[in-house]
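Everything below concerns the one structure shown next.
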Amino acid sequence: MSLVVQVHFPGETLPPLEDEKKKATFKVGPGLTHILPSTLIVNRAGELNIDQRKHTIWMESNGKRYVASQNDAIIATVLRSTSDSYICAIPSSNSPVSSTSQAVLPHLAFSQATKKTRPMLHQGSVVYARISLANKHIDPELECYDADSGKAEGFGELKGGFIFGVSLGMARRLLGDAKKTGSLRLRQRKAEAERRGEKYQDAGVDVSSGREVLEELGESLSFELAVGRNGRVWVHSGDPKTTLCVMRCIQQSEFLTGKEQRQLVKEALKALGQ
């Protein structure tokens, strides 16, 4: 996979892509605005990522305000019900400032749901949903089933448990996006070493998939977990101490390497008596 890393700020116009000469069509991801015919303007500060192999371009950033993007898995709260849909709130990360957008969840947007079998949600109910429609002119639309299989696949109402916030970057890493960001950081270090005229040596200790904390916790504890790209994490277990242990380990592991994450979990389990 060929990845190019650059830092840009809102309002900048990106130079023409190299593959434009080959008439390749790129898929524009979050953080960029496409103006016909081929102009791309940055609307979110961060790293510009270009995947030449998959012909995808997007901005990678770690903010606190979530902007709805199609196919994102999010955790939302039901505010009220109308005749044909639920009005939900999508909170943003762990920002101290309230930053919540609204979304529409149709009553029948559940796996194999009918008017008689659809889930009956109430004010305050929490759902794990997928954004099926995202447009800046209207509220996002949600679905509680997988787009490919039509099955629940973990989506639906989240009963019980505990919800806490993490940064948007941490949420993406927990969902498995760290492979891309890890490759970017590695290329940056190599480029910096080349500019200094030095030979880059990878010690290996700081290479992290971003999920070591979950892997280590899962080996010793029994719990359920749902991660939303809006920076919300839901944890459920039979023991409140286990739930709190999982929450603390996840929150404290954001800036740790893979080795440090595993050590953190071992110390937390020892304090828990495992």
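Would you be able to tell me the number of residues in the stretch 204-223 that are of a type in the set (Asp, Glu) and either modelled with pLDDT of 95 or more or buried (at least 17 other Cβ atoms within 10 Å of the Cβ) (or both)? So that I can check it myself, show each step before the final result.
Here is the first cut: in the stretch 204-223, the residues of a type in the set (Asp, Glu) are 206, 212, 215-216, 219.
Filter again for either modelled with pLDDT of 95 or more or buried (at least 17 other Cβ atoms within 10 Å of the Cβ) (or both), leaving 212, 216.
Selection size over the stretch 204-223: 2.
For the stretch 155-170, what are the residues that are open to solvent by 10 Å² or more (accessible area, probe 1.4 Å) and part of a loop (DSSP other than H, G, I, E, B)?
Result: PHE155, LYS159, GLY160, GLY161, SER167.
Residues in the stretch 131-140: is at least one in a strand (DSSP E or B), in contact with a Lys or Arg (Cβ under 8 Å, 6 or more places away or on another chain) and modelled with pLDDT of 70 or more?
No, that holds for no residue.
Go through the stretch 59-80 and give me each residue that's farther than 18 Å from VAL166 by Cβ, open to solvent by 70 Å² or more (accessible area, probe 1.4 Å) and either basic (Lys, Arg) or not in a loop (DSSP other than H, G, I, E, B) (or both).
ARG80
State yes or no: is ASP146 within 14 Å of ASP72 (Cα to Cα), surrounded by 14 or more Cβ atoms within 10 Å (Cβ to Cβ), in contact (Cβ under 8 Å) with a residue 12 or more places away in the chain and not basic (Lys, Arg)?
Values: within 14 Å of ASP72 (Cα to Cα): yes; surrounded by 14 or more Cβ atoms within 10 Å (Cβ to Cβ): yes; in contact (Cβ under 8 Å) with a residue 12 or more places away in the chain: yes; not basic (Lys, Arg): yes.
Against the criterion (within 14 Å of ASP72 (Cα to Cα), surrounded by 14 or more Cβ atoms within 10 Å (Cβ to Cβ), in contact (Cβ under 8 Å) with a residue 12 or more places away in the chain and not basic (Lys, Arg)), ASP146 qualifies.
Could you check how many residues of the stretch 120-143 are touching a residue at least 24 places away in the same chain (Cβ under 8 Å) and open to solvent by 40 Å² or more (accessible area, probe 1.4 Å)?
First pass over the stretch 120-143, keeping only residues touching a residue at least 24 places away in the same chain (Cβ under 8 Å): 121-134, 139-143.
Next cut, open to solvent by 40 Å² or more (accessible area, probe 1.4 Å) only: 122-124, 133, 139, 141.
Result for the stretch 120-143: 6.
Please work out which one of (1) surrounded by 14 or more Cβ atoms within 10 Å (Cβ to Cβ); (2) at pLDDT below 85; (3) outside the structural domain of ALA134 (by TED's automatic domain parsing); (4) of a type in the set (Gly, Ala, Ser) is the condition ALA24 fails and give its number.
Single failed check for ALA24: (1).
So GLU216 passes all but one of these: (1) in a helix (DSSP H, G or I); (2) under 23 Å from PHE155 (Cα atoms); (3) in contact (Cβ under 8 Å) with a residue 24 or more places away in the chain. Which condition number does it fail?
Unmet for GLU216, out of (1) in a helix (DSSP H, G or I); (2) under 23 Å from PHE155 (Cα atoms); (3) in contact (Cβ under 8 Å) with a residue 24 or more places away in the chain: (2).
The values are calculated or read from the model by the stated rules, or taken from the named source; none is laboratory data. What you see is a predicted model; the values in this text were computed from it and never measured. FYI the Cβ positions are ideal-geometry reconstructions off the backbone, even for glycines, and counts take in every protein chain you see. The accessibility values were calculated without ligands, DNA or RNA, using every heavy atom of the protein model including side chains. Shrake-Rupley method; radii C 1.70, N 1.55, O 1.52, S 1.80 Å.
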